Structures are given as structure tokens and as C-alpha cells.
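All remarks here apply to the structure that follows.
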Amino acid sequence: MDFGPVIESFPRLLWGCVGTLGLALAGMALAIVIGIGGVVLRDSRRAIVRWLVISFVELIRNTPFLVQIYFIFFALPFVGIRINPTPTAIIALGVNGGAYAIEIIRGGVQSINKGQVEAGYALGLRKSQVFRLVILKPALRAIYPSLASQFILLTLTTSIASAVAAYELTSVAKQIENDSFRSFEVYGVVTLLYFIMSWIMMTFLNLIWSRCLNYPVK
Amino acid sequence: MRPYKFSELKRRHLLLGAAATIAMPMILTRSAFAVTPDELKKRGKIIVGIQGDNPPWGFVNSSGKQEGFDADITELYAKELGVTYEFVPLEVANRIPALTAGRVDVLFATMAMFPDRAKAVQFSKPYVANIITLIAPKATVIKTNEDMGKLSGIAVPRGSAQATQVKKNAPAGTNILELDGDAATIQAMLSGQVQAVGGNMFYKDKLNESKPDTYEDKLEFQRVYNGACTRLGEKEINASINAFIDKIKANGELAKPYAKWMKQPVPQFPESIEGVSFSAS
Amino acid sequence: MDEKEFIFLLQGLKWTLALTAIAFAGGIVSGLVVALARTSDSRTLARVTAGYISLFQGTPLLMQLFVVYYGLALAGLRLEAWQAVAIGFTLHASAYLGEIWRGSIEAVPRGQMEAAKALSLGYVSRMKDVILPQAIRISLPATVGFLVQLIKGTSLAAIVGFTELARAGGIISNQTFKPLLVYGVVGAMYFLICWPLSLLGTRLEHRLATATR
């Protein structure tokens, strides 16, 4: 085994990690937006809107991410929607994460007891205060673990975006592998890099949890 | 004897079953490593790495059958050895790893002969010529290497000769998309994701199948020769393939697939290529 | 797209299902071993297994496939492509199923374990007759959910060059020049297999919640 080429290209790999984290953050942001929007639309009074949201969620959750990103990159241009690799990756990650986020956020919102809201108003809290302290903060606390693990999952999913040559760690790894023919060494090191990245993110997310959201709940 | 009830399964039966499930892939292993022509004849079969989506060199048609120039050459070589053949269709970037890992005995897989590849695998004498080009729609203006920098993007298959050439010749900062194979690269061109692709002399035929008379070769990077690949150090099979190639050149058998797929007469092949040795030493 | 090309897609589908079946079967067996190791009384064994699980849960499936695919060859094992890929998926499944079943083993009320020990049942009997039946029932929704993930995950074998459904779609797309139609059909095929399983998982989840109320 010869790790020389990998060590030589280590800076490129680190920049690839930056690309991965960038895609993950952008994808997660879009996913949360789609998630919140989807939850609001899910409770619409019009049946067709509800049906559309449900169909969207079921469709995304029951098809592979690879097929979704292939579809956006190779098929959509044929109806006039042509998107570059990196935005394609962000949109695919956001749509995919969004479908899961809709279910997660919906669960959190439903976990808020109506009695809590009524009690808030009874205590004289303003509408914005009720929303912030009685609905939002407890809901966030309820969904935080699921949302956090979804974020880490999204970061790992970015590796599939290499199939459309988006800029992230796996794409860089593939290039180094082709130049050096040292497949196992390159992918072994890259796997370790992903592990370290997800470990760092998990620690960071746990920190946010213990500092802001870990208050006692009956 | 009364039927076995599930609860009567003894622990050791379960353990045996578990061991078998895990061990089965290992038992079914079929080895493809360190071969000589004699071993191939004894085994009765040669396992050949070939391209699965690069017409007319090697492609799987819609009935699932492997066809192409390299397929015809494989057939001739297998006949020479007196064995049957089995194809393993490979992605561009996977060809050399599949050979060095022992998944195939030999590569007849559009392998252009380059010095850095010669460090990883053993080439045979050349048996077919190829031209590495840049292809784009006729309307796009590309006359020099610098013009490549003005394009929004160029797609190439990872690990291919054209990937090396485009990266070498395009100005710094050109947007080069390295995709996972010939099929993805062609799809990128057809969907308009890129304005040009690095390919070989047959890409334009494939592209023009979808939109007739739209695409043409813009730049010619390199004329290359393809050889069969075997693992480094395996002298006997390398010698056997070289003898075979000399034979089909001399008796005209090479000309038939050449006319059918390359649609050209057989060219003169060079006696040597710098940095690439044709014989194992 | 004509009939021949549709049949090519179906052959890809056949490989998708075959890979899933092998990985799920192998994953169940090895996942059980992982779960038992993770909940063992030996702290070293539990810790090492926890490391194994977090390695597979903290790295992309694509990388796991690559490492197994190229690593096995380096270790001297000459395997066909589908065998190397199947081993990769099996290891992946063993870690995830192991973690799911660890959770459900720990969800079985502690009293059960204590009662079994009080009745001086040996380890195998404790697990086989008391804990595991209850744990498996608790784990059914999550296990079915993972099966859906596994089916979708087999699409990554395409990137290693293996012709399962996703790669078959790419090949046919390149022959018909109709990616919208082809990837639409491919997506529909995955959907038709995964959706019923997802619904089953949800129904199991509701039934379980009702039963334990």
C-alpha cells in the first residue's frame, strides 16, 4: 500500500471537505424552508394542496437520491430547466432533506398541547410571545434530535452529488484516485475524513443542545 | 417423520445456517488472478474487461448483449486460445483497477497507450487507432485551445484519455466536469449542461444520432493507439496476445472488424511508443 | 422506449432486488450478532461494537462500498463485482440493524431480564425465549424502514459500475435520448417497491403504539 499520493494531495482533500460542508449547510437551509412551508401547506383547507404535499413527501422518501439528482441534472433540461452541478446538488439535497423535514417538523408542531397555548393567552402573553415561548421553543426542543441526525445524514449524502461533478470531497477523491491508481488508500483516507467531519458536527450539535435546549420538561 | 416445527430448530442448526449465509459469497468465489494461456486453456474460459457504454468500441445493446470492435477482437482471441469468453463491462475509470484487482484476465477496453498507464499495467502491441477530440455543436466557435476557456463548461469521463487531454490543453480556470463515464458525458452534452465534450472520434456519431447533423469535431488533441492490457509481470499472456495481434494483422482478420466498426482501412501501427513497452520484461 | 429496452430496465430491477435480498439476509444475521455484542455485559466488547456501529453510521454508504470493493481485492480476495458490493451492503446493514435492535433490546422492560435471571435461565435461553421476541416486535417499524433505505441504497452500486436499476436507466437513457421518460420510469419502479413497504412500516408503528398504550 502506498499512501504517498494521498498525503501529497491532502490540501485538495481538505478543500473538498469545505465543499462538502458548504453543500450540506446550503442544502439543510433549503430543507428547513421547504419543511416549514410544507407543514403549513399540509394543514391547508383545500384537499388538493394537502394531497400535493403528501404526494411530494411520499415520492421523495421512496426514490433513491441518485435517481433524483440524475433527474434534475440530465432530464430537467429537456423541459427547459438547466441547472449547474453545484446548484443542482443544493436543490437535490434541499428537496430530499425537505421531504424528511416536513415529517419531522410536523411531528414537533403536533406535539404542542393546545392547552399550553390557551394557558399562554390566559396569562396575558402577547401573540408573538406565545408563538416564541410556548410554540416555537418547545417544538424546536422536541424536533432537535431528529433534525440534527437528519443534518448529519445530509452531509453524508453529499457524496452522491459527485455523480454530477459537484464540488465536494468525493469528487476530489475520485480525481486523485484516477491520477494515482491507488484506490483503496484514497477512499480509505476519505472515509476517515467523513467520519471526522460527522463526529465534529455531532459534537457541535450536542453543544447547542446542552447550552440552549436541554431544559427539563415534564 | 413429522414435520419440523420452527421452535424445534436446534441452536447448532441456526449457527450452521448463519455461518453458511455469511460464508456463501466466499465459497462462490471464482478466481481470475495470475493467469497464463495454459491456465486459461485448462479453465476453458477467459474473462475479458470491456467497455459497456462506448460505441463502437464496446457497448451493451438494448437486448443486454455485449457488442463492438473490442468484442469482435475478444472473440478472435478466444478462438485462438480455444476457450470460451465472458465479458465484464467496465466504467472508464474502473478498467485498470478491475485488472489489477484480478476481476478480469485481460482488458480489451479502448485502452489508449500512455506512459503513466504503462506504469500500472502491461500493454500489448497496438491493434487499433483512435483520435482524441473535442466535440461541440457546429454553431459553437472553437478554433484554438484558448477558445475552450470561453465555454461555460466541458464534460469528460473521469480517468479517460480525453480527460487528461482537456485538462492539459484548456486554459486555467476552464470549467471541466469530470463525470462517471462515457454515457453520463454524452448525456451532459445532449441536455445542454455543457457546451463541449472531450471524446474520441466516434462521439459525434453518437451525438448526431439524437440530433442529426448537429455536432462535429472541433479540436484534435492527439492520435493514440489502443492496446490490450494485462497485469505487470505476466509474461506468457502478454507474449500470447502480441503473437495473436501479429497474426491477425498479417492474415487480414483484423481488417474485418476494422471495416465493420471503424469504417476505415487498417492503418500502419508504430513499432514503438515512447514510455510504453509492448512486451513484459 | 420499446419493449427490449423496458426489459433491460427490468433486468436491472432484478439485480436491485437480488442485492437487497442478500444484504438484508446477511444483515439480519450479522446485525443480530452486532446487537448482542453491543448489549453484552463485557464493556470492552460493547465499546468496540459501538465504534463499529458509529463508523458505518458516520460515513457515506458510497465510501463504504468503495473501500470494501477495492479493499477486498487488495487483501487478496478475488471476488466478482456483485459479491464485493453485496458484502459492502451486508456490513452496512449489520451496523444499522445492530443499532436498531440494540435500541429495542434496551426498550424491553428491565424486569423481564431480571425475572429471567431469577429463573436461572442461561444467556442463550434468556435472549432466545424472553428478550429477543419482545425486542424484535418493538423493532419491526424501524427494521422495515431500514429495508426501504437499503433498497434505495443499492442504487449506489451504479457508481461502482454495477448494472442495477439506476445504471440500467443511464444506459437506456443514452440509447433513447429520452432521460425524462427513462428516469421517470426508473423512479416509478423504485417507488412501486418502496412505498408499500413504507406504508407497512407506518401501520406497524401505529399498531405497536396502540398495543403498548
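The values are calculated or read from the model by the stated rules, or taken from the named source; none is laboratory data. Since the structure is predicted, the reported quantities are computational estimates derived from the model, not experimental observations. Neighbour counts are summed over all protein chains in view; Cβ atoms, including those assigned to glycine, are modelled from backbone coordinates with ideal geometry. Side chains are part of the model used for accessible areas, which takes the heavy atoms of the whole protein and leaves out ligands, DNA and RNA. Shrake-Rupley method; radii C 1.70, N 1.55, O 1.52, S 1.80 Å.
Considering segment B:211-229 alone, what residues qualify as being out of contact with any Ser or Thr (no Cβ under 9 Å at 6 or more places or on another chain), open to solvent by less than 60 Å² (accessible area, probe 1.4 Å) and either small (Gly, Ala, Ser) or not in a strand (DSSP E or B) (or both)?
B:THR214
Return the pair list, or none, for Cβ contacts closer than 6 Å from residues in segment B:87-103 that are facing chain C (nearest Cβ under 7 Å) and in contact (Cβ under 8 Å) with a residue 24 or more places away in the chain to residues that are open to solvent by 20 Å² or more (accessible area, probe 1.4 Å) and not in a strand (DSSP E or B), at least 6 apart or on different chains.
The qualifying pairs are B:GLY102/B:PHE33; B:GLY102/C:ARG78.
Criterion first (part of a helix (DSSP H, G or I), out of contact with any His (no Cβ under 9 Å at 6 or more places or on another chain) and away from chain B (no Cβ under 14 Å)) does C:TYR96 satisfy it?
Values: part of a helix (DSSP H, G or I): yes; out of contact with any His (no Cβ under 9 Å at 6 or more places or on another chain): yes; away from chain B (no Cβ under 14 Å): yes.
When the stated conditions are applied, C:TYR96 passes them.
Every residue, every condition in (1) open to solvent by 20 Å² or more (accessible area, probe 1.4 Å); (2) modelled with pLDDT under 85, yes or no:
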position: B:ALA34; (1), (2): yes, yes
position: B:ASP38; (1), (2): yes, no
position: B:LYS45; (1), (2): yes, no
position: B:ASP53; (1), (2): no, yes
position: B:PRO56; (1), (2): no, no
position: B:VAL60; (1), (2): no, yes
position: B:GLY68; (1), (2): no, no
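Look at segment C:1-20 and say how many of its residues are closer than 18 Å to C:GLY184 by Cβ, open to solvent by 40 Å² or more (accessible area, probe 1.4 Å) and charged (D, E, K, R). I'd like the intermediate steps shown before the answer.
We begin by selecting, within segment C:1-20, every residue closer than 18 Å to C:GLY184 by Cβ; these are C:1-3, C:5-10, C:12-13, C:16.
Next cut, open to solvent by 40 Å² or more (accessible area, probe 1.4 Å) only: C:1-3, C:6-7, C:10.
When the remaining residues are screened for being charged (D, E, K, R), the result is C:2-3.
The number of residues fulfilling the criteria is 2.
Could you list all residues from segment A:55-70 that are farther than 22 Å from C:THR202 by Cβ and either free of Cβ contacts under 8 Å to residues at least 60 places away in the same chain or not aliphatic (A, V, I, L, M) (or both)?
Residues of segment A:55-70 that are farther than 22 Å from C:THR202 by Cβ, as a first pass: A:66-67, A:69-70.
A:VAL67, A:TYR70, listed by residue number.
Kindly establish whether B:ALA172 is part of a loop (DSSP other than H, G, I, E, B) and either without any contact (Cβ under 8 Å) to a residue 40 or more places away in the chain or closer than 15 Å to B:LYS218 by Cβ (or both).
Values: part of a loop (DSSP other than H, G, I, E, B): yes; either without any contact (Cβ under 8 Å) to a residue 40 or more places away in the chain or closer than 15 Å to B:LYS218 by Cβ (or both): yes.
Answer is yes for this residue.
To keep it simple, each residue is scored yes or no on (1) at pLDDT 90 or above; (2) within 18 Å of the chain's Cα centre (by Cα); (3) of a type in the set (Lys, Arg).
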| site | (1), (2), (3) |
| --- | --- |
| B:PRO137 | yes, no, no |
| B:LYS143 | no, no, yes |
| B:ALA183 | no, yes, no |
| B:ALA196 | yes, no, no |
| B:LYS211 | no, no, yes |
| B:LEU219 | no, no, no |
| B:THR230 | yes, yes, no |
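So which residues in segment B:146-169 are open to solvent by 10 Å² or more (accessible area, probe 1.4 Å) and part of a loop (DSSP other than H, G, I, E, B)?
B:LEU151, B:SER152, B:ARG158, B:GLY159, listed by residue number.
Can you tell which of A:ILE112, A:ILE105 is within 20 Å of A:LEU30 (Cα to Cα) and either under 27 Å from the mean Cα position of the chain (by Cα) or open to solvent by 40 Å² or more (accessible area, probe 1.4 Å) (or both)?
The unique qualifying residue is A:ILE105.
Consider B:ALA120 carefully, then state whether it is out of contact with any strand residue (DSSP E or B) (no Cβ under 8 Å at 6 or more places or on another chain), in a loop (DSSP other than H, G, I, E, B) and of a type outside the set (Asp, Glu). Explain how you work it out, then say what you get.
Values: out of contact with any strand residue (DSSP E or B) (no Cβ under 8 Å at 6 or more places or on another chain): yes; in a loop (DSSP other than H, G, I, E, B): yes; of a type outside the set (Asp, Glu): yes.
Judged against the criteria, B:ALA120 is a match.
Scanning for something more than 10 Å from chain A (Cβ to nearest Cβ), within 20 Å of the chain's Cα centre (by Cα) and open to solvent by 10 Å² or more (accessible area, probe 1.4 Å), does segment C:163-174 turn up at least one residue?
Yes.
Going by what's in this entry, would A:PRO85 be described as surrounded by fewer than 22 Cβ atoms within 10 Å (Cβ to Cβ), within 8 Å of another protein chain (Cβ to nearest Cβ) and either at positive phi or at pLDDT below 95 (or both)?
On the way: surrounded by fewer than 22 Cβ atoms within 10 Å (Cβ to Cβ): no; within 8 Å of another protein chain (Cβ to nearest Cβ): yes; either at positive phi or at pLDDT below 95 (or both): yes.
For A:PRO85, the condition - surrounded by fewer than 22 Cβ atoms within 10 Å (Cβ to Cβ), within 8 Å of another protein chain (Cβ to nearest Cβ) and either at positive phi or at pLDDT below 95 (or both) - is not met.
If B:ALA109 meets every condition in (1) in a helix (DSSP H, G or I); (2) in contact (Cβ under 8 Å) with a residue 60 or more places away in the chain; (3) open to solvent by less than 10 Å² (accessible area, probe 1.4 Å) apart from one, which number is that one?
(1)
Out of all the residues in segment B:158-195, which are of a type in the set (D, E, K, R), within 10 Å of chain A (Cβ to nearest Cβ) and over 20 Å from B:ASP53 (Cβ atoms)? I'd like the intermediate steps shown before the answer.
Step one: filter segment B:158-195 for residues of a type in the set (D, E, K, R), giving B:158, B:167-168, B:178, B:180, B:182.
With the extra rule that they be within 10 Å of chain A (Cβ to nearest Cβ), the set shrinks to B:158, B:167, B:178, B:180.
Result: B:LYS167, single match.
Scan segment C:146-155 for residues that are more than 10 Å from chain A (Cβ to nearest Cβ) and open to solvent by 20 Å² or more (accessible area, probe 1.4 Å) and jot them down. Walk me through how you get there before you give the answer.
Going through segment C:146-155, the residues more than 10 Å from chain A (Cβ to nearest Cβ) turn out to be C:146-147, C:150.
Once the filter is applied, which keeps residues that are more than 10 Å from chain A (Cβ to nearest Cβ) and open to solvent by 20 Å² or more (accessible area, probe 1.4 Å), segment C:146-155 yields only C:LEU147.
It is to be established whether one or more residues within segment A:182-193 are within 14 Å of chain B (Cβ to nearest Cβ) and within 21 Å of A:PRO85 (Cα to Cα).
No - not one qualifying residue is present in segment A:182-193.
Can you name every residue in segment C:21-80 that is open to solvent by less than 40 Å² (accessible area, probe 1.4 Å), in a helix (DSSP H, G or I), modelled with pLDDT under 90 and within 7 Å of another protein chain (Cβ to nearest Cβ)?
C:TYR70, C:GLY71, C:ALA73
Could you tell me whether A:ILE104 is in a helix (DSSP H, G or I) and either at positive phi or touching a residue at least 24 places away in the same chain (Cβ under 8 Å) (or both)?
Details: in a helix (DSSP H, G or I): yes; either at positive phi or touching a residue at least 24 places away in the same chain (Cβ under 8 Å) (or both): yes.
The answer is yes for A:ILE104.
Being within 21 Å of B:PRO97 (Cα to Cα), among the aliphatic types (A, V, I, L, M) and open to solvent by 30 Å² or more (accessible area, probe 1.4 Å) is true for just one of B:LEU232, B:LEU179. Which residue is that?
Values: B:LEU179 fails: open to solvent by 30 Å² or more (accessible area, probe 1.4 Å).
Just a single option satisfies the conditions, and that option is B:LEU232.
Conditions (1) within 14 Å of chain C (Cβ to nearest Cβ); (2) surrounded by 13 or more Cβ atoms within 10 Å (Cβ to Cβ); (3) of a type in the set (Asp, Glu), marked per residue:
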| site | (1), (2), (3) |
| --- | --- |
| A:ARG12 | no, yes, no |
| A:ILE32 | no, yes, no |
| A:GLY37 | no, yes, no |
| A:LEU52 | no, yes, no |
| A:ILE60 | yes, yes, no |
| A:THR63 | yes, yes, no |
| A:PHE78 | yes, yes, no |
| A:ILE81 | yes, no, no |
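Could you pull out the residue among C:ALA188, C:ALA158 that is open to solvent by less than 20 Å² (accessible area, probe 1.4 Å) and at the interface with chain A (Cβ under 10 Å from one of its Cβ atoms)?
Going through C:ALA188, C:ALA158 in turn, the sole match is C:ALA158.
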